[in-house]
Amino acid sequence: RMALNFAFFLTNYALVAFGVTVVVSLLHPGMMIVCGTVFMLWKAHDWLIRNQIQLAGTNIGKLLTIQQRSSILTILTAIAIVWKCLFPFFLSFTVSGGLILAHAVARDPRTIEDDKSFNIMDEDEVLVERGDVI
């Protein structure tokens, strides 16, 4: 039963998981701010690698080496993931997993509608097939 439901509703389950993730992310603005800050720090690091900025006669990109900045940003990223992103990840995983499993267990795959039920026409209607229409 679950295997048939997973195969048939896979796209719907992916959309449910995406929707739950968006809602959980919006309910945790601190996570979004921290993720945005870390992203901007990585973009600034990338920009400093490509451009040389002189401030008071010293090159800003040379104050810390590229390796040192990368190491610091990697540590900051790991701290941000554990500090702000781990709980919302588990929350969205649990909620979407619970919804998907509840539907997969409860839905009887024998009641899936076939295509014939959607093609009901009145007696006065005539279906004309046109080969020139895309």
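The values are calculated or read from the model by the stated rules, or taken from the named source; none is laboratory data. Everything numeric in this text was worked out from a predicted model, so none of it was measured. As a convention, Cβ positions derive from the backbone with ideal geometry for all residues, glycine included, and neighbour counts pool all protein chains shown. Each accessible area value is taken on the protein alone, full model and side chains, heavy atoms only, with ligands, DNA and RNA left out. Shrake-Rupley method; radii C 1.70, N 1.55, O 1.52, S 1.80 Å.
Fully extending the segment from R1 to T65 would add 17.3 nm, taking 0.36 nm per residue of separation and subtracting the current Cα-Cα distance. Is any residue of the range 1-26 close enough, with backbone N under 12 Å, to a label point placed 7 angstrom from the Cα of V105 along the Cα-Cβ axis, and if so, which? The answer is 2.
Residue by residue, the range 67-75 carries 3J(HN,Hα) couplings of 5, 5, 5, 4, 5, 4, 5, 5, 5 Hz when phi is fed to the Karplus relation 6.51 cos²θ - 1.76 cosθ + 1.60 (θ = phi - 60°); x denotes Gly or Pro. For the range 1-68, rounded, prolate or oblate, judged on the Cα gyration tensor with a ≥ b ≥ c (square roots of eigenvalues), a/c < 1.5 rounded, else prolate if a/b > b/c? Verdict is prolate for the range 1-68. Note that the range 1-59 presents 73 Å² accessible area per residue, ligands and nucleic acids not counted, probe 1.4 Å. Legend: calculated FRET efficiency, L86 to A44, from the Cβ-Cβ distance at R0 = 25 Å, rounded to 0.05, equals 0.50. Each residue of the range 23-31 is assigned a 3J(HN,Hα), and the resulting list reads 5, 5, 5, 5, 7, 10, x, x, 5 Hz, derived from the Karplus form 6.51 cos²θ - 1.76 cosθ + 1.60 (θ = phi - 60°), x at Gly and Pro.
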